[in-house]
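Heads up, the thing below is written out as structure tokens.
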Amino acid sequence: MKNYFLLLLLFISTATLAQQRIITGRVTASENGEPLPGVNITIKNTRQGTITDGDGKFTLTVVKGETLIFSFIGFLAKEVPIHASNEYNVALQTSTHTLGEVQVVGSRNANRTKLDSPVPVDVIDLKPLLESAPQVSITQLLQYVSPSFHSVNGSNAGDAGSALNLSQLRGLGVDQVLVLVNGKRRHKSSNINWGGLGNGATGYDLNSIPTAAIERVEILRDGAAAQYGSDAIAGVINIVLNKSTEQLTISSTASTRRRGDGTTTRTNANYGFALGKTGGYLNTTAEFATQAIALLPGNDDAGLYLGPVYGGGANTRNYDAIYTKEIDEAILASRGIDRHFFDRRAGGSNKAKDALLFFNAAIPLRQNAEVYAFGGISHRNSQFTAVYRLPGWTERNNSFLYPDGFLPAMENIISDKSLAVGIKGKIRDWDVDISNVYGKNDFGNVITNSLNASLGLKTPRTFDAGSYNASQNTGSIDISRYFDKVLKGINVAFGAQYRVETYQIIAGESASYSKGDLRTVWGLDTTATGIIYNTNEGQIGLNGLSPGSQIHAGFRPENAVNVNRSILAGYVDVEANITQNWLVSGALRLENFSGLGNVTTYKIATKFNISDRLGLRGSHNTGFRAPDLAQYYYTETSTSFQQGRAIDQVTASNQSAATRALGFPTLTPEKSKGYTLGITTQPFRNFELTADAYLVDVNNRVGNTGNFSATDVNLPLEVRNLFVQTGTTQAKFFYNSFSTRTKGLEITGSYRTPFRGGALNLLLGANFVRNEVTSVNTPAGLEAYRYIIFNDGEKARVTSHIPGQKINVQGTYKLGKLTYMARAIYFGSVTTASALNANFPQPDYFYQKLKPIWVVDASVAYSFTKSLQGVIGVNNAFNQLGDYTDPSLNPRNNPSIIGLQNGSAGIQPFIRITAKL
């Protein structure tokens, strides 16, 4: 029997080989004849294909099929019949528009383009950006090219959040956007962020993916929870990885700031290997980046400390008749230092090093199936330095250890790993994709150059403050089919998903959180028979010295958690061309969250072409976002500054006894409704324009409350015990505290034309958005705390902390070996609200309106050879910084740049060398 089987196998193999043909060819650009690397070549109605190499050449083994399809971003797709010849030289024409490229996100129809999509989608090709743009990280690249995308320097957040650059869409929360990689759900960062864009929220660390590994980014600017799952209230960002082969690309970029600080470097190498001769590939990327410490933006004296340095009580008083400025200056002179020794660092960029490895691979199994895998690992060391602890801050410093005070640093060690594996193919004309994606993010916290003042001379100076991590494992099956003979074509998709999420906090060493002067208070009481006995009345701090490691106290053993939850989901997605000009789509999704129950979301959308040059589109969707596990269980102790004075604060876990005693319930999901209405038009050749109005209502958004004060005698015993145990004076809590309405208008346009012997490409993007708070949720019994539960600072963060207007105008002109790029980005006005105290019943806030700014970038690229290119340019060519802080907000420090609009550090020239071998 075995011999018969071998003979049968040999016969089938021989027959198959007899049908195979090996075809070759070269793909070039029709306008200049230059070779096009990375062009996708597939055999129509099969999964067989390949990619052109660095010289535009390809080799493909054909078993069956009648037509080759050539497609490449920026060029019109072309179908070529397979004939008797084995050589195919194809010239692709430049696309007359840049908004009509084939896209994946927003539609499960593989042939949908973003121009005929019923919802707004941006498809951003990274190749020209990586060649000419000053920015090097993916978040900053998108910040300067996508009008609805917003991300700023993480140091605006502070502490561990300074290591991340979180992302927003349409002015909504960083946790209300969903990120996909190759169409598969990606895991979030494990860090809860404070300040900046994501107060009390977790977001995605897009910069853990090397830019050289990315082919393009697709941004769906519409709610898509029904299509892709929870979190997609604001939209979806899909990162499509590079598939090119047989070309080594090496690029290195360096830039620095006006004062020679904040120097950044990023070097990457990308190489793809062909696996077999039927379109298999393995594309790999290695990237290494450095960031030097950056001073506060602004003039040379920005952030300079002006108040008492060495005098006792420098944290609470100004100079007086006893301790004068002259005395301070004399001590400074005798120590051989000046006031710049105490300059602030927070607000500039962190010192950091990044190392990243990524891969993307696929191997065809047979004519209609392939196995694929992608993923990678990244490691980041980021150092955040806070406000200098002055020698005169007697409750926070020990002058025997630090006679001139100290600048504490938080060293964040971040590792991120992910792996996706899957198999996809055709089963009886149905496309089937089965996959599993795992991702994990680890966040370590080491505090250096610090102390625990309450431990006196016994304190360490370096502390392991503990760590936290989050993981996500998602198994999916997705099935779809296009019926070309039903109506004018209908695409049906359905599938299921099972996801497990985990979150863990690991306690730090005891010195990082302990309060060394806690003593038990004993009382006396008497029984009914007259026997006197001792009673434990709790604990009290004796010396008033600050507990835990300065800058960030460690996680206590009672803070440690190891929790998980599971999510089961099923969906159906239908897209039908009712007529040649009318498209209707709809999606329905049912999800079950362990502990939260079932939720149903839906989406409907339509597109109607009034003529060949004008189309109308609109959509309605519902969304759902379950609070992240970190928002349920995270707790921490840190220091904030109010009017220049250090205040120790505790953030209590939503599941803690203090939270329950105060009257806050457990967190519940956020729910949304969204609407869009827009037009797409091509009024004349080579020009496209889209405009989409949107409205999004989000109910019961999760946020952080304001600060409850230890001086409030009406707080429950559990909350007062929390203050004593942690040595803090203010506390905040997680709660579904508010609802919002977001209204906006987005405009995108492009124009490409020959110009004086070269090619001119113009892009326009604009987003006009307004956020407003529609209601505040106050728990019964806490009505008196209404302005603390949802304070003015949180209100400003969600309504006015990001620009209400953002306009991008960009032009590139290629002439021979030279490519010129110029662009201007308008960031509208923002208003900040800074806490001055925690007064009851309504804390005081300081408001400052920041003027709008224009940021101009420019670069010139020169191709020395076909393999070597050099670029010089500048970010923020006119050194537009934005407004300085108001001097009355913190009279002890010179004003410094706020930089909320774009996180600008001022003028920043750069140089880049790229080699393609």
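Whether a residue is small (Gly, Ala, Ser), more than 26 Å from the chain's Cα centre (by Cα) and closer than 25 Å to ARG519 by Cβ was assessed, and GLY544 passes this test. Tallying residues that are surrounded by fewer than 19 Cβ atoms within 10 Å (Cβ to Cβ) and part of a helix (DSSP H, G or I) within region 306-365 yields 13.
When the residues of region 528-545 are filtered to those that are in contact with a Phe, Trp or Tyr (Cβ under 9 Å, 6 or more places away or on another chain) and at pLDDT 80 or above, which remaining residue is nearest to PHE723 (Cα to Cα)?
Only one residue fits best here, namely THR535.
When you look at ASN876, is it at pLDDT below 85 and either buried (at least 20 other Cβ atoms within 10 Å of the Cβ) or not assigned by TED's automatic domain parsing to the domain that holds ALA824 (or both), yes or no? It is false that ASN876 is at pLDDT below 85 and either buried (at least 20 other Cβ atoms within 10 Å of the Cβ) or not assigned by TED's automatic domain parsing to the domain that holds ALA824 (or both). Scanning region 236-254 for residues that are within 18 Å of LEU126 (Cβ to Cβ) and not β-branched (Val, Ile, Thr) yields ASN238, LEU241, ASN242, LYS243, SER244, GLN247, LEU248, SER251, SER252. Filtered by the rule that a residue be small (Gly, Ala, Ser) and either without any contact (Cβ under 8 Å) to a residue 60 or more places away in the chain or not assigned by TED's automatic domain parsing to the domain that holds THR639 (or both), region 561-598 gives GLY586, SER594, GLY595, GLY597.
Residues in region 776-797: is at least one in contact (Cβ under 8 Å) with a residue 60 or more places away in the chain, touching a strand residue (DSSP E or B) at 6+ places or on another chain (Cβ under 6 Å) and either farther than 26 Å from THR639 by Cα or polar (S, T, N, Q) (or both)? Yes, that holds for at least one residue. Scan region 615-625 and give yes if some residue there is under 20 Å from SER189 (Cα atoms), within 22 Å of the chain's Cα centre (by Cα) and in a strand (DSSP E or B), otherwise no. For region 615-625, residues under 20 Å from SER189 (Cα atoms), within 22 Å of the chain's Cα centre (by Cα) and in a strand (DSSP E or B): present.
Residue count for region 143-166 satisfying the condition of being modelled with pLDDT of 90 or more and under 24 Å from THR267 (Cα atoms): 0. Of the strands (runs of 3 or more DSSP E) entirely within region 522-605, those holding at least 3 residues that are of a type in the set (A, V, I, L, M, F, W, C) occupy 561-577, 582-593.
GLY523: out of contact with any helix residue (DSSP H, G or I) (no Cβ under 7 Å at 6 or more places or on another chain) and either closer than 30 Å to GLY229 by Cβ or without any contact (Cβ under 8 Å) to a residue 40 or more places away in the chain (or both), yes or no? Yes: the conditions hold for GLY523.
Looking only at residues in region 312-365 that are in contact with a Pro (Cβ under 7 Å, 6 or more places away or on another chain) and hydrophobic (A, V, I, L, M, F, W, C), the one that is nearest to ALA292 (Cα to Cα) is LEU356.
One residue alone among LYS732, LYS743 is within 30 Å of ASN837 (Cα to Cα) and in the same structural domain as PHE840 (by TED's automatic domain parsing), and that residue is LYS732. All of GLY183, GLY171 fail the test of being buried (at least 24 other Cβ atoms within 10 Å of the Cβ) and among the small types (Gly, Ala, Ser), apart from GLY171.
Taken as a whole, region 887-898 holds at least one residue that is assigned to a loop (DSSP other than H, G, I, E, B) and either closer than 23 Å to GLN805 by Cβ or not assigned by TED's automatic domain parsing to the domain that holds HIS801 (or both). With respect to the stated conditions, GLU246 fails to be within 26 Å of THR474 (Cβ to Cβ) and surrounded by fewer than 24 Cβ atoms within 10 Å (Cβ to Cβ).
Is it the case that some residue within region 586-597 is surrounded by 23 or more Cβ atoms within 10 Å (Cβ to Cβ) and among the basic types (Lys, Arg)? For region 586-597, residues surrounded by 23 or more Cβ atoms within 10 Å (Cβ to Cβ) and among the basic types (Lys, Arg): present. Can you confirm whether region 659-680 contains a residue that is polar (S, T, N, Q), closer than 30 Å to THR520 by Cβ, touching a residue at least 24 places away in the same chain (Cβ under 8 Å) and assigned to a helix (DSSP H, G or I)? Yes, because at least one residue in region 659-680 is polar (S, T, N, Q), closer than 30 Å to THR520 by Cβ, touching a residue at least 24 places away in the same chain (Cβ under 8 Å) and assigned to a helix (DSSP H, G or I). Only residues that are crowded, with 21+ Cβ neighbours inside 10 Å, of a type in the set (A, V, I, L, M) and out of contact with any Phe, Trp or Tyr (no Cβ under 8 Å at 6 or more places or on another chain) were counted in region 422-452, giving 1.
Those strands (runs of 3 or more DSSP E) of region 735-844 in which 1 or more residues are under 30 Å from PHE75 (Cβ atoms), among the hydrophobic types (A, V, I, L, M, F, W, C) and modelled with pLDDT under 90 occupy 758-776, 805-815. From the list LEU455, LEU419, LEU487, the one residue that fits, being buried (at least 18 other Cβ atoms within 10 Å of the Cβ) and either part of a strand (DSSP E or B) or not hydroxyl-bearing (Ser, Thr, Tyr) (or both), is LEU455. Here region 31-50 is the region considered, the condition is being in a strand (DSSP E or B) and at pLDDT 75 or above, and the residue that is farthest from LYS277 (Cα to Cα) is PRO35.
Of the residues contained in region 649-668, none is found to be farther than 14 Å from PHE733 by Cβ and among the aromatic types (Phe, Trp, Tyr).
Exactly one condition in (1) within 19 Å of SER739 (Cβ to Cβ); (2) surrounded by fewer than 23 Cβ atoms within 10 Å (Cβ to Cβ) is not met by GLU670; state its number. Failing condition for GLU670: (2).
The rows are residues; the columns are (1) within 26 Å of GLY623 (Cβ to Cβ); (2) of a type in the set (S, T, N, Q).
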{"position": "ALA759", "(1), (2)": "no, no"}
{"position": "VAL773", "(1), (2)": "yes, no"}
{"position": "TYR787", "(1), (2)": "no, no"}
{"position": "ASP792", "(1), (2)": "no, no"}
{"position": "GLY804", "(1), (2)": "yes, no"}
{"position": "ILE807", "(1), (2)": "no, no"}
{"position": "GLN810", "(1), (2)": "no, yes"}
{"position": "PHE840", "(1), (2)": "no, no"}
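LEU296 fulfils the conditions (1) over 23 Å from ASN894 (Cα atoms); (2) modelled with pLDDT under 90 except for a single criterion, (1). For region 695-734, filtered to residues that are among the β-branched types (Val, Ile, Thr) and in a helix (DSSP H, G or I), the residue that is surrounded by the fewest Cβ atoms within 10 Å (Cβ to Cβ) is VAL724. The condition of being farther than 23 Å from GLY623 by Cβ, in the same structural domain as ASP792 (by TED's automatic domain parsing), surrounded by 22 or more Cβ atoms within 10 Å (Cβ to Cβ) and in contact with a helix residue (DSSP H, G or I) (Cβ under 9 Å, 6 or more places away or on another chain) holds for only one of THR211, THR202, THR278, THR284, that being THR211. Taking the criterion of being farther than 30 Å from GLU131 by Cβ and surrounded by 13 or more Cβ atoms within 10 Å (Cβ to Cβ), the residues of region 848-865 that qualify are GLN848, LEU850.
The values are calculated or read from the model by the stated rules, or taken from the named source; none is laboratory data. If you're wondering where the values come from, they're calculated on a predicted model, not measured in any experiment. When we count neighbours, we look across all protein chains shown, and the Cβ atoms used for this are built from the backbone with ideal geometry, even at glycine.
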